[in-house]
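What follows is a short report on a single structure.
The values are calculated or read from the model by the stated rules, or taken from the named source; none is laboratory data. Worth saying up front: this structure is predicted, and the values here are computed from it rather than measured. Neighbour counts run over all protein chains shown; Cβ positions are idealised from the backbone, glycine included.
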Amino acid sequence: LGALKSVGEGAMEKLIVERVQNGPFAGLDDLAKRVDPRLLNKRQLETLAAAGAFDGLDQNRAGIHATAETILAIAARTHEQKTSGQGGLFGDAEPAGDAIKLPPSVRWTLSQRMDQEKEAFGFYFSAHPVDRHRHIAVSHGARAYTALSELNIPDDGSRAGATMAVLVEDARYRTSARGKRFMMAQCSDASGQFMATCFDDQVSKDLEEAAKAGGCGLITVELDRKPGEDTPRVSIKRIQPFEGLANLARFQVVVTISAMSAFAGLASLLAEHRGARGEVRVRAQLPDGEVCILLGRDFLLDGELVEHIESLHGVTKVELKTSETRLALVG
């Protein structure tokens, strides 16, 4: 906890002492009434919420983040009562009307949650931006950096080709010892960060644009290993943004529901994801047997949408997979 940005190890040590001596925090109200307000400020609470430190109390990180001032205000009032002799030593004083209610409409999307985590940790933690495009990555045979690093690539000058799904975090031009200009790109996937080179002018420009936009995509790479090196070097030959691939590919989401009431929430979500080639089907169990309903073939599908569908009441299962395109005879 002390390693989080703007938090501080000293404050976290005292918070943990309180938890160890007087038991786990029962909820946000309990936290506010037991924490010493002199230990925490708004920025620290917001960072802890962004990092998921309060997930065991309430998983609405955005709501806790937005309620940081209220939590501190309750902590200050409770502390004042304790020090003035109006309450017990730990949590006996409970000012009326101090129940913490998180705003139900405040929720972070998967992308927002990842951005907040990176701001708090300095790196992506529970998820990575490429995760929302996993269905595309899998369909193209993309492999993680750690898996490629473990390949037994000989150090005899030979090269191995591969496809990876990455976020381009930074891209800058460098000049080699021989005076040749090339691109050095910092990339990452869910398994970690790595550096890669590119000597193609157009691909270098594409990498530069991806870095400016914080874009994810599929990269075609060549791997080689020099004598004495533990990990292979990565050379990028091509990059394809996921946005373009999503518009060209055809994927299918199959939603299994246990209650017809799930249709209302599903319709509301899907209304904002039109304009591509994704297919959505719903499976439901009726008295006469199971039915499968086609909702359309023009949806923009990704991992974030799947996560939202999974959270709907009445949804029991969501599958995202490659659609089996049927070819029609002409003439």
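Given L300, L286, which one is under 22 Å from the mean Cα position of the chain (by Cα) and either closer than 13 Å to T322 by Cα or hydrophobic (A, V, I, L, M, F, W, C) (or both)?
Working: L286 fails: under 22 Å from the mean Cα position of the chain (by Cα).
Testing whether each residue is under 22 Å from the mean Cα position of the chain (by Cα) and either closer than 13 Å to T322 by Cα or hydrophobic (A, V, I, L, M, F, W, C) (or both) leaves just L300.
List the number of the failed condition for T322; all other conditions in (1) modelled with pLDDT of 90 or more; (2) closer than 29 Å to V221 by Cβ hold.
So T322 meets the others, but not (1).
So Q44 passes all but one of these: (1) buried (at least 18 other Cβ atoms within 10 Å of the Cβ); (2) at pLDDT 90 or above; (3) closer than 30 Å to E310 by Cβ; (4) under 26 Å from the mean Cα position of the chain (by Cα). Which condition number does it fail?
(3)
Taking the condition of being farther than 23 Å from A3 by Cβ and surrounded by fewer than 21 Cβ atoms within 10 Å (Cβ to Cβ), how many residues in the range 22-33 meet it?
Going through the range 22-33 one residue at a time, the tally reaches 6.
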